[in-house]
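Chemist: Here it is, the structure in full.
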């Protein structure tokens, strides 16, 4: 592994070889760069009341801070993304006119950043309390929309932390999210120190996906390998809301009252040269 210096910021730790920086956000300044990021507000084409666009702020020290907080009687959080897929737009009212067996695809918005292959890295400090989780991942605009997995894309979960100080296995999801859904796991399932920044990365190349934690290889998934450009997400979510009941756990309300945060120092994308 080699350090890649970025002036005025912490270095990246990259696999051996020569690299060039092709996209990054160091979260400088006091306002989120909306030319790079947008908020995910819908889930499977329906508005998710607890996914909000005011749960993120820049702290003035080159950090993007995600908070968990109470709003309109719910515990809420935010999800940032550089692109969009069919889940990000409300389903058209005529979507089911041909019957329930037809998959309603929402109109796609133009993404802010898409990229295929390379090395993706995030330096972040995990949340301290239970009741919500954080993630750094990649998703395809057209995942599940084609029978050929490599042309539909692969969800690549580089880091997910569902409980304080612990990350689950790095997981790829493919062939949509219905009855044909499949997954492949590698590494992860380990404890991470709280109160400190950690680097999470993935090398996506022709040989598959190789995951890294703090510059150390931590698992490999052979494939299938996406051949389409994908977008980046940094997300937080409140425990207990996946089913749509919006009944958050007592732990979620406690984390909100305590002002718990998930902090991101930078997100960077590199290509090999």
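Coordinate-derived values only; no laboratory data. Small disclaimer: the values here were computed from a predicted structure and weren't measured. Here Cβ is always computed from backbone atoms with ideal geometry, including for glycine, and neighbour counts include all displayed protein chains.
Chemist: Give me the distance between the Cα centres of region 214-271 and region 1-67, rounded to whole Å.
Modeler: Centre-to-centre (Cα) distance: 12 Å.
Chemist: Quick check: the distance between the Cα centres of region 116-143 and region 149-191, to the nearest angstrom?
Modeler: About 10 Å separates the Cα centre of region 116-143 from the one of region 149-191.
Chemist: Take the Cα coordinates of region 158-273, assign each an equal point scatterer, and use the Debye formula without solvent to give log10 I(q)/I(0) at q = 0.09, 0.15, 0.24 Å⁻¹.
Modeler: Computed log10 I(q)/I(0) values: -0.31, -0.85, -1.52.
Chemist: May I have the extent of the alpha carbons of region 26-94 along their three principal axes, as whole Å values ordered from largest to smallest?
Modeler: Principal extents (Cα only, largest first): 47, 30, 11 Å.
Chemist: A further question follows. For a footprinting-style exposure proxy, rank 76, 156, 190 by other Cβ within 10 Å, fewest first.
Modeler: 190, 156, 76
Chemist: Right, something else. Report D for region 110-172 in µm² per second (integer): Stokes-Einstein, Kirkwood Rh on Cα pairs, 20 °C, 1.002 mPa s.
Modeler: 158 µm²/s
Chemist: Tell me the Kirkwood radius of the chain: reciprocal of the mean inverse pair distance over distinct alpha-carbon atoms, in Å.
Modeler: About 19.1 Å for the chain.
Chemist: Give the relative contact order (percent, whole number) for the chain; include only Cα pairs under 8 Å separated by 6+ residues.
Modeler: 26 percent
Chemist: If you don't mind, there's one more thing I want to ask. Run the helix sum for the chain: -39,500 (n - 2.57) per DSSP H stretch of 4+ residues, divided by residue count, reported at 222 nm to the nearest 500 deg cm²/dmol.
Modeler: The per-residue figure over the chain is -1000 deg cm²/dmol.
Chemist: Still on this structure, I have one more. Could you work out which residue, out of 188, 215, 60, moves most in a Gaussian network model of the chain, that is, has the largest mean-square fluctuation with Cα springs under 10 Å?
Modeler: 60
Chemist: Let me ask something else. Give the order of 168, 232 when sorted by the count of other beta carbons within 10 angstrom, beginning with the fewest.
Modeler: With the fewest neighbours first, 168, 232 line up as 168, 232.
Chemist: While we're here: Ranking 198, 170 by Cβ neighbours within 10 Å, fewest first, what do you get? Each step should come with its number before you reach the end.
Modeler: Numbers: 198 19, 170 28.
Lowest count first: 198, 170.
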